[in-house]
Amino acid sequence: MIQRSQLDLRKFVAPEFICGHGALQLAGRYARNFGMRHVLLVTDPGVRAAGWTDAVGESLTEAGISFTIFDAISVNPRSRQVMSGTEVYRAEECNGIVAVGGGSPMDCAKGIGIASSNMRDILAFEGVDRVPVPAPPLICIPTTAGSSADVSQFAIITDDVRKRKIAIISKTLVPDISLLDPEPLTTMSPELTVDTGMDALSHAIEAYVSNASSPMTDVHALEAIRLISSALPAAVREPHNLDLRFSTLLGSLHAGLAFSNASLGAVHAMAHSLGAACDLAHGRCNAMLLEHVIAANYEAAPDRYDQVGAILGAAEGGRGTPAENVAAFRRSLGVTETLAAVGVREDAIRTLARQAYADPCMVTNPRRLTCEDLERIYAYAL
Amino acid sequence: MHMHSDPPDDRDALREKIIGLGETSLHKSYYPELQSRLAELERFRALLDQTHDAIFLIRADTGRLADVNASAVTYLGLSKEELLAMPFASLIAPHQKAAFLETVRKSNEVPSGSRRTCTAYLVSREGREIPMEITVRSVIFGDEQYIVAIARDITDRILTEEELKIKESALESSTNGILIADLTGAIMYANPGFASIFGYEQDGVFMGKNLEAFFATPSVGEEITGHLLDNHTIVKETIGLRSDGSSFHIQVSGSVVQNDAGEPLCIMLIVMDITERILTDQMKRKTYEQLGKNIEQFAIIGDHIRNPLQVIVGYVEMIDDPLAEKILEQSCRINEFVTQLDRGWVESANVRQFLRKHGDGGEPPLQTFIHIGATKEEDP
Ligand SMILES: [Fe+2]
């Protein structure tokens, strides 16, 4: 266990964000304030179909800013998609990016930003602090309450060639402004609401037990766990309740502020390699792994895990271990499948574990896990 | 007591601004300013790329290129990336490298801002050597010292210079005197040929002199310039005046030099010493005169012989004497001699006519005794 002291040096980076009903409509004003003349509007087909891309486009037009839409983005954004977006950015002579959508369009937008400002392939930035030139201004309008890509210094991109997720971690990836509006969340399906919500919960829990956590991130992590555990199940039941949606959005924002500064752990490391191998939704991967990692990590941060367990247990009325309480919360949201059920075979575990072990998220996991430890966790989750 | 308070509307607006939601409640960002500076730089860059001169920015410490403009890329046929990977000196023709580096070294010694110029050949990708006039200047950007080299293609200038040199040496080496004067007749240039014709030691002494100084009658100078301004060309024979005061025959042919708009710039005179020709003409004239006189004498002598011969023949035909035959025979022979002399005269007249026609145009000698078309020319 890594000893922590509140006197340890820590840094807290957060973008400017505006939250509340109608925040989306401010996109045009902020784009203009950043000196944007032609914007690359990064989104995905689902968000576009729901009408949120057009709503943002309208705001840009009202502010006298022209834009080009780039929506050729899949659920786990690919390096090739990032590079074709970069091509569009250059060809259309854009000078700023607005991202509307969940984690995929926002991560892709971050990738396009740094690939075009550095004029290099996106895969060249894999790792921590490997981005020399900051990206052009980026305005994020999240339409899910989960990824927190709109406040984080992370971008996760799938390497097309080697079929694995790479993590790019850099302060230059923190967006310039995030416009948090609950309204776009109302068109999320229950499944997407649960997956993204479980992602946010994983962010909060992993940040709270991270060996890089700080008093500042702790506040946000705990508040995130509280908000998500109470609002998420209700939001699934009442998808059009703006107050409930806003609570999940706030929960995700708190979780984002916490994990962007304290980083994550084994859940995300393992979810990244799992998601890339099986092309599964990121939030669902986290949901299937979270309780097993908690069980494996527990001895390294028992007090913190107990606190997490207590908050979740209070919501569900359960009195089990933190891992059991997390499992109960997951089941209550209808996430019941195991890794085997989604097609993971036992012989794939070695490779999954090896890739997860190399993920930068492993560095801040509270317990120093070996590659064999990761294999055992995958095996439990089968 | 009057309480100062803002109307409620203003308070709401103020509250919005304090929250950070005002139209201009901006987050601190250098991006817009950076954008306008970049646009400015791009504009300037485009300007630099437009210039015909090749511009090189060289790092003073390594000698490597830090930046080049579009003209440099075009001249050398190397991409910008290729250029930025090489030292500037490698672009200079090998035999001039040392001299160029010396120029750069000197420009590094003097305080920033002063420039030095040298000429050197830059070598393109295909190995073509381009003559360039290179101005180098040491500058400091930030903490780093650089050398700015601006290279101007002087291929055309060199060609023009060479052409001029050929023309100039043609002028200089001409044995005819060549004179260039302004429209008032003040001399701007005289070649060595002119100096030698007029008996001057060197050709520099003419500058500023008026051309009237070179004619026995000074007003001829003015006549010539006046005629040239009206008619643009002149050919004239006149008497020149040497530096020692002696006079001699000259032929002056002149023309007006005009600019593209047809305005007269200066006049040019070509002077030939024709003393020899004039003297030859005079001598020829005298010779012909003498020849004419002599041949006239000759004809008279012929008559003087033929007349007594006629008497002798008449007399001999009347007498019966064994010698008569012999005398007649001899008389015939004498007559033949005289006839041949006459014929010789006719031939010599043809020769003289030929000379007059195709010769040097001198005055023909005496008109007497010309038997036009009398005989055919015969081989001697
Ligand atoms: Fe995540």
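The values are calculated or read from the model by the stated rules, or taken from the named source; none is laboratory data. These figures come from a predicted structure and were not determined experimentally. Reconstructed Cβ throughout: ideal geometry from the backbone, glycine too, with neighbour counts over all protein chains shown. For the accessible areas, the whole protein counts, side chains as well, though only heavy atoms, and no ligand, DNA or RNA atoms are used. Shrake-Rupley method; radii C 1.70, N 1.55, O 1.52, S 1.80 Å.
Scanning the stretch A:312-331 for residues that are under 22 Å from the mean Cα position of the chain (by Cα) and in contact (Cβ under 8 Å) with a residue 12 or more places away in the chain yields A:LEU312, A:ALA323, A:VAL326, A:ALA327, A:PHE329, A:ARG330. In summary, helices (runs of 4 or more DSSP H) completely within the stretch A:1-62 and bearing 1 or more residues that are open to solvent by 80 Å² or more (accessible area, probe 1.4 Å) and free of Cβ contacts under 8 Å to residues at least 12 places away in the same chain occur at A:45-49, A:52-62.
When the stretch B:14-52 is filtered for residues that are within 12 Å of chain A (Cβ to nearest Cβ) and in a loop (DSSP other than H, G, I, E, B), the ones remaining, listed by number, are B:GLY20, B:LEU21, B:GLY22, B:GLU23, B:THR24, B:SER25, B:LEU26, B:HIS27, B:LYS28, B:SER29, B:TYR30.
Filtering the stretch A:201-246 to residues that are within 16 Å of the ligand (Cβ to nearest atom) and without any contact (Cβ under 8 Å) to a residue 60 or more places away in the chain leaves A:ALA204, A:ALA207, A:HIS220, A:ALA221, A:ALA224, A:ILE228. Of all the residues in the stretch A:15-50, those that are out of contact with any helix residue (DSSP H, G or I) (no Cβ under 8 Å at 6 or more places or on another chain) and away from chain B (no Cβ under 14 Å) number 3. The condition (being in contact with a Leu (Cβ under 9 Å, 6 or more places away or on another chain) and part of a strand (DSSP E or B)) is satisfied by just one residue among B:ILE224, B:ILE239, B:ILE234: B:ILE234.
Just so you know, in the stretch B:54-75 the residues that are of a type in the set (S, T, N, Q) and open to solvent by 40 Å² or more (accessible area, probe 1.4 Å) include one that is farthest from B:ILE134 (Cα to Cα), and it is B:THR62.
Of all residues in the stretch A:248-282, exactly one satisfies the criterion of being within 14 Å of the chain's Cα centre (by Cα) and on the phi > 0 side of the Ramachandran plot, namely A:SER263. Restricting attention to the stretch B:265-311, the residues that are in contact with a helix residue (DSSP H, G or I) (Cβ under 6 Å, 6 or more places away or on another chain) and either without any contact (Cβ under 8 Å) to a residue 40 or more places away in the chain or assigned to a helix (DSSP H, G or I) (or both) total 5. Restricting attention to the stretch A:155-200, the residues that are in a helix (DSSP H, G or I) and either within 16 Å of the ligand (Cβ to nearest atom) or within 10 Å of the chain's Cα centre (by Cα) (or both) add up to 10. Here B:LYS80, B:LYS17, B:LYS106, B:LYS28 are screened, and the one residue that is charged (D, E, K, R), under 28 Å from A:SER117 (Cβ atoms), at pLDDT below 85 and open to solvent by 50 Å² or more (accessible area, probe 1.4 Å) is B:LYS28.
Within the group A:SER147, A:SER152, which residue is outside the structural domain of A:ALA231 (by TED's automatic domain parsing), open to solvent by less than 10 Å² (accessible area, probe 1.4 Å) and within 16 Å of the ligand (Cβ to nearest atom)? After applying the criteria, what remains is A:SER152.
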